[in-house]
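The values are calculated or read from the model by the stated rules, or taken from the named source; none is laboratory data. A quick note: this is a predicted structure, and the numbers were derived from the prediction, not measured. We place every Cβ from the backbone using ideal geometry, glycine too, and count neighbours over all the protein chains shown. When the accessible area is computed, the model is the full protein with side chains, heavy atoms only, and any ligands, DNA or RNA have been set aside. Shrake-Rupley method; radii C 1.70, N 1.55, O 1.52, S 1.80 Å.
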Amino acid sequence: MAPGRLGAAVLMRGAVALLALAAAAAVPASPAPVPPGSTYVALGSSYAAGARAGPLAPSTPARCGQTVNSYPRLVAAGLHLHLVDASCGGATTEHLLSAWDELPAQLDHLTHATRLVTVTIGGNDVHLVGDLARAECAPPRDGTAAVCGRPPAPTAAEWARLERNLTRVARAVRRRSPRARLVFVDYLDMLPAQPCASVPYDAAGLARAHATFRHLARLTAAVARRERATLLRAGALSRGHDSCSAEPYAVGHSETAASWHPTAAGHAAVAAALVRLLGGKVAQQHAP
């Protein structure tokens, strides 16, 4: 081979090798299984805590609303893990990163020994539940005035801050618990295609609510992908189980469950999907 061609061939082989190394680095290593008896830390808002999905879990902060039917407790039972449940109703990403009155930062519950971390957070950062509840303020069909106005849409600054904070959470988990499997669990979606008694939106309001849910799901997925975390698309589990269905996984206005929150059946479905993802068997759901 001529010297010029030989040099070009060497350069080409070197470039191919570098590309191969870059591709290998872009593929996350296969995660180690979570051994029984390991510590599992659950982070998040009321969608993780299990607001009114069953009796309150004993020895937990009353204001956080952690219940025995929450998906973290079902997962811990199914995989025989030691659960440290840091989730709390009303939490935002800031409460994972920093103290909240008497509660420490949720991330402070992580240790080097933690082997599983789940994160369901972000809805309160973009006032999701509060805005959903305003469906009950939709203009009555008799034409009289609504008792409250339409909520403002989340701003670009709020979405950007949420993305930054989710990224900070993921990186803090990696630093504090380098052996942990990190799983982002997005939000169960109670919104139907058409309004019903429990979701009394008009068409425009329903479309806006769907847009917020989709944006939150896309943003969570993007951070999980970029930070090499596992993603459980709980929102996808909601198909066929919206608030207007016979077996809702999350409900809008409700007299018996937590309005605008997952049901016990929804938490059980998330837990079953997560346990399948991690390997194991879900314990039987407690009676509400």
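Counting only heavy atoms of the protein chains, get the accessible area per residue of segment 31-130 (1.4 Å probe) and round it to a whole Å² value.
Working: 3430 Å² over 100 residues.
Accessible area per residue, segment 31-130: 34 Å².
Can you work out the accessible area per residue across segment 177-216, with the rest of the protein chains kept in place, probe 1.4 Å, in square angstrom? Mind showing how you got there, number by number?
Numbers: 1550 Å² over 40 residues.
Per residue, segment 177-216 has 39 Å² of solvent-accessible surface.
Summarise the accessible area of segment 36-116 (1.4 Å probe, protein heavy atoms) by the percent that is carbon and sulfur. Please list the in-between numbers first.
On the way: 1670 of 2900 Å².
Of all accessible area on segment 36-116, carbon and sulfur atoms account for 57 percent.
Given a Förster distance of 41 angstrom, what is the FRET efficiency for Arg226 paired with Thr60, based on the Cβ-Cβ distance and rounded to 0.05?
Numbers: r = 33 Å, r/R0 = 0.79.
Working from the Cβ atoms, E equals 0.80.
For segment 64-83, list residues with backbone N below 19 Å from a point placed 7 Å from the Cα of Ala133 toward its Cβ?
Counting backbone N atoms under 19 Å from the label point, the list is 64-67.
State the percentage of accessible surface on segment 208-264 attributable to carbon and sulfur atoms; use a 1.4 Å probe and exclude ligands, DNA and RNA. Intermediate results must be reported in sequence, preceding the final value.
Working: 1340 of 2660 Å².
Here it works out to 50 percent.
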